[in-house]
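One structure is given here, and the rest of the page talks about it.
The values are calculated or read from the model by the stated rules, or taken from the named source; none is laboratory data. This is a predicted model, so every value here is computed, not measured. Quick reminder, even Gly has a Cβ in these numbers, built from the backbone with ideal geometry, and neighbours come from all protein chains shown.
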Amino acid sequence: MGLQKTIRKVVRFKGIGLHTGKRVHLELRSAKANSGVRFIRTDIDEQNIIEAHVYNVTSTTRATSLGNGTTRVTTVEHLMSALYALGVDNVDCYISAEELPVLDGSSAIFAEEILKAGVKELNSPKRFIIVEKPVEIRDGDKLARISPAKEFTLHYTINFDHPAIGKQKFKFTKSTDFFEEISRSRTFGFLSDVERMQAMGLALGGSLENTVVLDGDSVMNPDGLRYEDEFVRHKVLDALGDFALCGHPLVGRVELHKAGHDLQTRLIRELLKRNNAYRVCSWDTSTEELDPELALDESALA
């Protein structure tokens with residue numbers, strides 16, 4: 001827990017983008033301490049590096065997209081969720097197109113392959129964002145709130161007017177097994193929405209192989225659901241990917257109600273805007289405690 005981490009060896013993925021439908025190759029490589037997660041477009045020669053940080057979020061429509069003013073990458077949340085769960089702080093992600101491969105619509109394949117490659121510690125202390133004052137964002141009946149706590153927890157509630165979903169809740173804590181309880185949950189959508197999105201040039205790579213699709217009162221996928229409450233679990237998966245864009249792991253209680261990418265990234269931005277609402281600390285490996293003497297100013301998050 002005390003030291004920053006990267007991957008031991010190269011990890012490769014290939015597939016299609018959920019929205020673009022384009023073939024894409026993704027290669028993860030180890031990176032040095034304090035470099036963070038970076039996306040590097042191999043199909044572009046200039047201004048092709050994008051840091052995975054909330055300040056670089058350019059869109060939250062149907063996915064989380066990052067950009068540097070010239071170049072962008074999209075649908076980063078499933079990979080970011082796996083990296084966050086594995087405690088990987090630094091990695092360079094070389095990608096051959098603008099959208100990450102959707103794979104099976106979850107984080108499971110990302111997590112499994114990274115775990116096979118191995119994770120190694122770097123000789124630099126891990127940094128944490130400690131929430132010290134509550135921050136809240138509301139939009140109608142939607143809510144995103146973060147408040148002080150001794151550890152990171154995430155409480156998610158969804159409520160869909162569909163018999164296969166309805167109201168679902170999930171609480172993610174340090175005792176939650178990400179691999180068994182979260183990573184296999186897939187993105188989902190309604191058939192009518194999928195048809196409309198495809199007419200708009202979105203969801204072109206979506207299929208029953210990578211998306212849970214609902215029509216009328218049922219799930220269309222022949223094999224059904226992976227979890228009875230797969231929908232809220234996938235919302236937790238997405239949220240972990242978005243909160244990974246803080247730059248450092250969070251220590252605080254997160255409450256989300258009907259939130260989604262937009263509210264989640266707005267909450268992170270609002271937290272980081274308020275200098276008195278958080279502090280950044282490193283982990284003291286000699287005492288195995290957060291060390292306030294190693295506190296950094298907020299410029300370290302930029």
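Starting from the range 16-38, take each residue that is not assigned by TED's automatic domain parsing to the domain that holds Asp92 and at pLDDT 95 or above and list its partners that are of a type in the set (A, V, I, L, M) and in a strand (DSSP E or B), counting only C-beta distances under 9 angstrom and pairs at least six apart or across chains.
none
Restricting attention to the range 118-130, does a residue exist that is assigned by TED's automatic domain parsing to the domain that holds Leu26, within 18 Å of the chain's Cα centre (by Cα) and not in a strand (DSSP E or B)?
no
Hey, among the residues in the range 1-43 that are part of a strand (DSSP E or B) and among the basic types (Lys, Arg), which one's nearest to Val280 (Cα to Cα)?
To start, the set of residues in the range 1-43 that are part of a strand (DSSP E or B) comprises 3-7, 11-17, 23-30, 37-41.
Keeping just the survivors that are among the basic types (Lys, Arg) gives 5, 12, 14, 23, 29, 38, 41.
Working: Lys5: 18, Arg12: 33, Lys14: 36, Arg23: 39, Arg29: 27, Arg38: 21, Arg41: 30 Å.
Checking each candidate, the answer is Lys5.
Being assigned to a strand (DSSP E or B), touching a Ser or Thr at 6+ places or on another chain (Cβ under 8 Å), farther than 24 Å from Pro249 by Cα and of a type in the set (Lys, Arg) narrows it down to one residue among Lys167, Lys171; which is it? Quick ask: steps written out before the conclusion?
Values: Lys171 fails: farther than 24 Å from Pro249 by Cα.
The match here is Lys167.
Anything in the range 48-68 that is among the polar types (S, T, N, Q), modelled with pLDDT of 95 or more and either surrounded by fewer than 16 Cβ atoms within 10 Å (Cβ to Cβ) or farther than 15 Å from Tyr94 by Cβ (or both)? List them, or say none. Show your work before the answer.
Taking the range 48-68 and keeping what is among the polar types (S, T, N, Q), we get 48, 56, 58-61, 64-65, 68.
Remaining after also requiring modelled with pLDDT of 95 or more: 48, 56, 58-60, 64-65, 68.
The answer is Asn56, Thr58, Ser59, Thr60, Thr64, Ser65, Asn68.
Among the residues of the range 65-73, is there at least one that is in contact (Cβ under 8 Å) with a residue 24 or more places away in the chain, within 15 Å of Gly15 (Cβ to Cβ) and in contact with a strand residue (DSSP E or B) (Cβ under 9 Å, 6 or more places away or on another chain)?
Yes, the range 65-73 has at least one match.
Within the range 184-205, count every residue that is closer than 21 Å to Arg23 by Cβ, outside any loop (DSSP other than H, G, I, E, B) and in contact (Cβ under 8 Å) with a residue 40 or more places away in the chain.
Of the residues in the range 184-205, 1 are closer than 21 Å to Arg23 by Cβ, outside any loop (DSSP other than H, G, I, E, B) and in contact (Cβ under 8 Å) with a residue 40 or more places away in the chain.
Confirm whether Leu296 is modelled with pLDDT of 95 or more and either closer than 26 Å to Asp177 by Cβ or not assigned by TED's automatic domain parsing to the domain that holds Asp177 (or both).
Numbers: modelled with pLDDT of 95 or more: no; either closer than 26 Å to Asp177 by Cβ or not assigned by TED's automatic domain parsing to the domain that holds Asp177 (or both): yes.
Against the criterion (modelled with pLDDT of 95 or more and either closer than 26 Å to Asp177 by Cβ or not assigned by TED's automatic domain parsing to the domain that holds Asp177 (or both)), Leu296 does not qualify.
Tell me which of these Lys171 doesn't satisfy, since it passes every other one: (1) closer than 27 Å to Ser282 by Cα; (2) surrounded by 16 or more Cβ atoms within 10 Å (Cβ to Cβ).
It fails just one condition, (2).
Those residues that are assigned to a loop (DSSP other than H, G, I, E, B), surrounded by 13 or more Cβ atoms within 10 Å (Cβ to Cβ) and either acidic (Asp, Glu) or under 25 Å from the mean Cα position of the chain (by Cα) (or both), I need them from the range 210-241; list them, please.
Asn210, Thr211, Asn221, Leu225, Arg226, Tyr227, Asp229
Against the conditions (1) touching a helix residue (DSSP H, G or I) at 6+ places or on another chain (Cβ under 9 Å); (2) surrounded by fewer than 19 Cβ atoms within 10 Å (Cβ to Cβ); (3) among the β-branched types (Val, Ile, Thr), where does Thr187 fall short? Just the number, please.
(2)
Could you give every pair whose Cβ atoms fall below 7 Å, whose first residue belongs to the range 138-157 and is touching a residue at least 24 places away in the same chain (Cβ under 8 Å) and surrounded by 15 or more Cβ atoms within 10 Å (Cβ to Cβ), and whose second residue is acidic (Asp, Glu) and in a strand (DSSP E or B), counting only separations of at least 6 or pairs across chains?
Close Cβ pairs satisfying both conditions: Leu143/Glu255; Arg145/Glu136; Arg145/Glu255; His155/Glu255.
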